[in-house]
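Each remark here refers to the structure printed beneath this line.
The values are calculated or read from the model by the stated rules, or taken from the named source; none is laboratory data. Source: prediction; values computed, not measured. Note that each Cβ is placed from the backbone with ideal geometry, even for glycine, and that neighbours are counted across all protein chains shown.
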Amino acid sequence: MGRAHALMKHFGLYIFLFCSISYSFAQQDPQYSQYMFNQVVINPAYIGSKDALNVTGLFRKEWVNVNGSPQTNNLSLSGPLKAKKIGIGAHVVQETIGPKKWMSAYLDYCYRVKLGKGKLSFGLSTGLVSYNFNSSKLDLSDQNEPTLYTNSINRSIRFDMSAGLYYYSRTFFAGLSVTHLIHPTLFTTTSSQGQSISFYNLNQHLFFTVGKAFSINEQLVFSPSVLIKSIEGKTINADINANFLIRNKLWLGVSCRTSLSIVCLAQYLVTDKLKIGYSYDYGLNGIAKTSYGSHEIMLSYDFGKGKSQMVTSRFL
């Protein structure tokens, strides 16, 4: 029992070290289950596509009941200019995993052109990433771990860039984006020989999204979508989602993630402008035995937007 308790106590730390080792290709960008409702944080070309000034906030807590588990907060503001060919916005992301904390703030810009029945948007995002690694929070049995060759608190601020494409019509959307174009190095440590070693680099993340809305009848819309994520072209995961809009008021859906988890989600349209969403992730791998799943809450509001006649999920 004592050994099992010790393993549970430091489980979050083991996860962090696994995800952070040098040249690791594990996912570094936060994971979102309600990606189809607001893609600003993964694709700058998405901004302004709602044809309204939109504010969206999201809180996500992963692996509840696990010490040091990931917690993510983000806030985005975006909208089109009067000509509606240009979209501008900004978003902030804050994440904590064990002894690691990082916050990023970006300015987003996109330019749209009409293409067929829809519009094609070109987007660019630039900003700063602030990273804080507090090694004093580590409780390791091996005091020769390389993380301890650094100061107890390591802080850094780095420049970062992302870019993307986004095409959308009344009932269809598809997007392609790349984050961390310049591979910023956030954390360096020193070896026992006094050499500086890059310990935590932000790898390029490729996101591809596609979705389509089908009107079954006046009371029901079916909107499947897919999100494919690739890190440096070496790690590929996919979210396959099926959403249903009931009476233009309630979205209910389920997603299957190839990284072995099932997601149940719902979004309620309080008014034409205000939406509240919630999702619950349940892992099908070993971590499900020690955690209570992951929770995600989203709140979105559109300023100056009249009742939309669109049915595709990008307008939610």
>> Among the numbered criteria (1) among the basic types (K, R); (2) more than 19 Å from the chain's Cα centre (by Cα); (3) surrounded by fewer than 17 Cβ atoms within 10 Å (Cβ to Cβ), which one does K101 miss?
In response: (2)
> So which residues in region 232-251 are closer than 20 Å to G283 by Cα, modelled with pLDDT of 90 or more and surrounded by fewer than 14 Cβ atoms within 10 Å (Cβ to Cβ), if there are any at all?
Replying inline: A242
> Which ones in region 59-101 are basic (K, R) and in a strand (DSSP E or B)?
Replying inline: R60, K61, K100, K101
> Among the residues of region 265-275, is there at least one that is outside any strand (DSSP E or B) and at pLDDT 95 or above?
Replying inline: yes
